[in-house]
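Engineer: For reference, the structure I am asking about is given below.
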Amino acid sequence: MTAEWDLIVIGSGSAGLVASRTAARFGARVLLVERHRLGGDCLWTGCVPSKSLIAAAHAAHVARTSERFGVSTENLTVDFARAMGHVREAVDTIAPHDSAEALAELGVEVLHGDARFTGRNSLEIDGTPHTFTQAVIATGTEPRLPQFAGTDTVDMLTSDSIWELDELPRNLVVLGGGAIGSELGQAMARLGSDVTIVNRSTRILPSEDERSSAILQASFGRDGITVLHGRSAAEVVSHDGLAGELVLDDGTRLPFDRLLAAIGRSTRLGALAPELAGVNITKDGYIDVDASLRTSNKRIWSAGDAAGLPKFSHVAGVSGSVAATNAILGLRRTFNEHVVPRVTFTSPEIAAVGMAPQDAVKGKHRVFTSEHASTDRAIAEAEEDGFAQIVVDSRGRVLGGIIVGPRAGESLGELSVAVSAKLSTSVLAGATHAYPTFTDALWNATIADVQHRLQHGIVKSGIQLLARIRRATLGGRGR
Ligand SMILES: Cc1cc2nc3c(=O)[nH]c(=O)nc-3n(C[C@H](O)[C@H](O)[C@H](O)COP(=O)(O)OP(=O)(O)OC[C@H]3O[C@@H](n4cnc5c(N)ncnc54)[C@H](O)[C@@H]3O)c2cc1C
Ligand SMILES: NC(=O)c1ccc[n+]([C@@H]2O[C@H](COP(=O)([O-])OP(=O)(O)OC[C@H]3O[C@@H](n4cnc5c(N)ncnc54)[C@H](O)[C@@H]3O)[C@@H](O)[C@H]2O)c1
């Protein structure tokens with residue numbers, strides 16, 4: 001019996017949207033199932049609202065610190081409700097791109113409902129049965145909530161619910177100093193909250209290198225944010241369900257108006273029943289996929305956060321495309337996890353791709369750093385905190401790097417292309433870069449490697465030989 005659909009995609013976040021559009025472009029009959037809002041976390045509760053809030057916070061910060069340029073903004077006020085209005089407007093402006101109408105134009109049919117597998121090639125959507133030849137699971141993740149005494153007495157904010165606030169919490173305690181805790185904690189502090197971050201790890205952004213963490217920590221200090229490292233909450237006490245007091249494992253008591261949990265994410269697979277389709281789950285609770293994103297059921301693929309890939313919208317999108325291409329065209333394209341660029345949109349931004357400098361091996365790799373303190377644009381903007389650092393192999397090919405500073409995420413594009421295409425520093429150094437830009441720091445790091453190569457080994461001997469020949473030739477002409 002022919003299946004109803006060539007491909008059913010479950011979940012309409014970045015992974016599911018790209019998977020559906022890709023498959024439809026190949027001419028497949030595609031059904032996209034979404035239980036909540038088309039667009040997923042990135043649009044409604046993730047990238048878009050957080051970057052819009054950060055933009056408002058940045059405006060407040062610039063105004064507050066503009067004295068150093070001789071610009072006075074006395075009686076600065078922040079209207080938090082209007083800042084949140086900007087956040088909602090940005091979401092509403094982008095949302096139509098992911099609407100059912102826009103998808104229908106591309107040939108993707110959308111059904112609203114909860115998907116649940118019933119067999120190896122069948123599922124139900126809100127109880128109605130459907131069959132598929134292939135499927136992509138792109139169900140994403142949701143905020144993990146902490147468990148300690150009293151958590152049932154308080155309505156903890158998460159990255160799902162914070163966007164409903166219209167009033168700025170005077171006193172915000174954030175649990176977790178990772179990407180979400182850092183981005184949202186700093187934004188709320190700049191908009192006027194008194195922010196304390198309680199972080200279980202010993203430093204902020206523990207998955208980034210130590211120097212980046214230290215620079216960000218210093219910036220948090222200037223924003224008036226208190227960070228308590230290596231601590232956990234033991235108890236929370238709240239009488240009205242919103243405000244209360246958080247008691248830490250060392251007895252510290254932290255009063256709060258609102259408490260924000262940002263301690264990581266878990267998958268939403270409970271209702272999907274992947275086991276009924278023969279899809280295995282990893283011990284960490286993600287869909288178990290091979291390098292081509294195929295699950296233990298050869299007809300079912302997975303992409304994005306649900307597949308345990310690095311939790312970024314661009315990763316979700318690219319992996320969605322890989323999964324759909326493999327499903328529809330019968331290819332075995334793989335997703336390369338090692339060249340994933342990432343940017344934490346704090347101030348300064350922390351951006352990185354490929355091999356981390358701390359993983360460089362002496363004698364095999366070289367590491368070059370260029371400081372923003374000697375980057376003219378950074379000096380002109382009085383934003384000298386930051387640096388660019390690259391890792392190159394013995395042939396001068398760029399393997400990875402870090403950029404910390406204003407607009408670091410924009411400069412990362414060039415570094416990502418270099419790492420992904422295995423370009424040598426000679427290519428980057430040889431391309432004329434417009435002056436003055438923050439990208440000069442990256443450019444200078446690549447020039448440092450080229451200069452290093454010119455001064456060492458066979459290249460140095462070759463250049464000296466050429467110069468000697470030239471001197472002898474010109475001398476021979478009787479100059
Ligand atoms: C605050 C925050 C800020 C972020 N900022 C950035 C950033 O700046 N840059 C970046 O790259 N990444 C960022 N991320 C991460 C990014 O949002 C995620 O990696 C990305 O959204 C994952 O996409 P996805 O498609 O895998 O899953 P999701 O976007 O979570 O989509 C999954 C969809 O599946 C639906 N679903 C689940 N189960 C079912 C079911 N059984 N039936 C039907 N539908 C179902 C859900 O309702 C959901 O809409 C941020 C995340 C957060 C929370
Ligand atoms: N700019 C971006 O691309 C961006 C922005 C936000 C989120 N994201 C993605 O979303 C993912 C989830 O972000 P996240 O911040 O929730 O998780 P995370 O894994 O980045 O950080 C969690 C932090 O919480 C701490 N922690 C864990 N349990 C704790 C507890 N009980 N009490 C106190 N601290 C605790 C950890 O030590 C860690 O510092 C990120 O890994 C990232 O991939 C990306």
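Engineer: Considering only the range 151-263, what is the antiparallel percent among its DSSP beta bridges, to the nearest 5?
Structural biologist: Details: 8 of 22 bridges.
Close to 35 percent.
Engineer: With n ≥ 4 as the cut-off for DSSP H runs, can you work out [θ] at 222 nm for the chain, using -39500 (n - 2.57) per run divided by the number of residues, rounded to the nearest 500?
Structural biologist: Details: 13 runs with 157 residues, N = 479.
Value at 222 nm, helices only, nearest 500: -10000 deg cm²/dmol.
Engineer: Once phi is turned into θ = phi - 60°, what whole-Hz ³J(HN,Hα) does the Karplus curve with 6.51, -1.76 and 1.60 give for every residue of the range 248-254, x standing for Gly and Pro?
Structural biologist: 8, 4, 9, x, 4, 10, 10
Engineer: Set the Förster distance to 22 Å, then compute FRET efficiency between Arg82 and Arg37 from the Cβ-Cβ distance, nearest 0.05. Working shown, then result.
Structural biologist: Working: r = 24 Å, r/R0 = 1.07.
Once rounded, the FRET efficiency stands at 0.40.
Engineer: Related question: Please give me, ordered by residue number, the trypsin sites (Lys or Arg not before Pro) of the range 234-324 that lie in loop per DSSP and have at most 12 other Cβ atoms within 10 Å. Provide the component values of the computation, followed by the final result.
Structural biologist: Numbers: sites: Arg253, Arg258, Arg265, Arg268, Lys283, Arg294, Lys298, Arg299, Lys311; in loops: Arg268, Lys283, Lys298, Arg299, Lys311.
Here the sparse-neighbourhood loop sites are Lys283, Lys298.
Engineer: State the Cα centre-to-centre distance between the range 27-52 and the range 78-139 in whole Å.
Structural biologist: 5 Å
Engineer: Find how much the distance from Thr73 to Thr473 grows on full extension, using 0.36 nm per residue of separation minus their present alpha carbon separation; answer in nm with one decimal. Before the final figure, lay out the partial values.
Structural biologist: Numbers: separation 400, 0.36 × 400 = 144.00 nm, distance 6.70 nm.
Taking Thr73 through Thr473 to full extension adds about 137.3 nm, to one decimal.
Engineer: Taking the Cα centre of the range 348-457 as the origin and placing charges on Cβ (Lys, Arg +1; Asp, Glu -1), which of Ala382, Leu454, Gly413 is farthest toward the positive end of the dipole?
Structural biologist: Selected residue: Leu454.
Engineer: In addition: Note the full-extension length gain between Thr2 and Glu167 as 0.36 nm times their separation in residues minus their Cα-Cα distance, in nm to one decimal.
Structural biologist: On the way: separation 165, 0.36 × 165 = 59.40 nm, distance 5.47 nm.
The span from Thr2 to Glu167 would gain 53.9 nm if fully extended.
Engineer: Work out the length of the dipole vector of the range 231-281 about its Cα centre, built from +1 on the beta-carbon of each Lys and Arg and -1 on the beta-carbon of each Asp and Glu, and round it to the nearest 20 debye.
Structural biologist: Details: 5 positive and 7 negative charges, 50 e Å.
Magnitude of the dipole: close to 240 debye.
Engineer: Ok, one more. Tell me the label-point distance for the pair Ser461, Ala382, using the 7 Å Cα-to-Cβ offset, in nm and rounded to one decimal.
Structural biologist: Placing both labels 7 Å along Cα→Cβ, they lie 5.4 nm apart.
Engineer: I'd like to compare 82-90, 41-49: which one has the highest average count of other Cβ atoms within 10 Å, and what's the full order after that? All intermediate terms of the calculation are to be shown ahead of the outcome.
Structural biologist: On the way: 82-90: 16.1, 41-49: 22.0.
Output ranking for 82-90, 41-49: 41-49, 82-90.
Engineer: Could you tell me whether the range 142-231 comes out rounded, prolate or oblate from its Cα gyration tensor? Rule is a ≥ b ≥ c as square roots of the eigenvalues, rounded for a/c under 1.5, then prolate if a/b exceeds b/c, otherwise oblate.
Structural biologist: oblate
Engineer: Can you give the Rg and Dmax of the range 143-298 based on its C-alpha atoms, in angstrom?
Structural biologist: That works out to 18.0, 53 Å for Rg and Dmax.
Engineer: Using packing as a proxy for protection, rank 236-244, 452-460, 168-176, 154-162 so that the peptide with the highest average count of other Cβ atoms within 10 Å comes first. Each step should come with its number before you reach the end.
Structural biologist: Details: 236-244: 15.3, 452-460: 12.8, 168-176: 21.8, 154-162: 18.2.
So the order, starting with the most tightly packed, is 168-176, 154-162, 236-244, 452-460.
Engineer: Please list log₁₀ I(q)/I(0) at q = 0.05, 0.14 Å⁻¹ for the chain, using the Debye equation with identical point scatterers on the alpha-carbon positions.
Structural biologist: Scattering profile of the chain, log10 relative to I(0): -0.24, -1.38.
Engineer: Read phi for every residue in the range 259-272 and hand back ³J(HN,Hα) as whole Hz from Karplus 6.51 cos²θ - 1.76 cosθ + 1.60, θ = phi - 60°, with x for Gly and Pro.
Structural biologist: Coupling constants for the range 259-272: 10, 10, 9, 9, 10, x, 10, 10, 6, 10, 9, x, 6, 6 Hz.
Engineer: Tell me, what ³J(HN,Hα) does each residue in the range 30-39 have, in order and in whole Hz, if you take phi through Karplus 6.51 cos²θ - 1.76 cosθ + 1.60 with θ = phi - 60° and put x for Gly and Pro?
Structural biologist: Once θ is set to phi - 60°, the couplings for the range 30-39 become 10, 10, 10, 10, 9, 8, 10, 10, 4, x Hz.
Engineer: Amide H neighbours of Lys311 under 5 Å, at least 5 residues apart or on other chains, H built in the peptide plane: list them.
Structural biologist: Amide H to amide H, under 5 Å and 5 or more residues apart or across chains, Lys311 pairs with nothing.
Engineer: So, by mean Cβ neighbours within 10 angstrom, what's the order for 201-208, 464-471 with the highest one leading? Walk me through the numbers on the way to the answer.
Structural biologist: Values: 201-208: 17.8, 464-471: 10.1.
For the peptides 201-208, 464-471, the packing ranking is 201-208, 464-471.
Engineer: Relative to a virtual label point 7 Å from the Cα of Ala149 in the Cα→beta-carbon direction, which members of the range 233-262 show backbone nitrogen distances below 20 Å?
Structural biologist: 233-256, 259
Engineer: Also: Looking at the square roots a ≥ b ≥ c of the eigenvalues of the Cα gyration tensor of the range 77-167, which shape do they give, rounded for a/c under 1.5, prolate if a/b is larger than b/c, or oblate?
Structural biologist: Oblate, because a/c is 1.5 or more while a/b does not exceed b/c.
Engineer: With both partners inside the chain, how many of the DSSP beta bridges are antiparallel, as a percent to the nearest 5? Please report the intermediate quantities before stating the final value.
Structural biologist: On the way: 44 of 77 bridges.
Just about 55 percent of them are antiparallel.
Just so you know, all these numbers are worked out from the coordinates, no wet-lab data involved. Just so you know, these numbers come straight off a predicted model, no measurement behind them. So basically every Cβ, Gly included, is an ideal-geometry build from the backbone, and we count neighbours across all protein chains shown.
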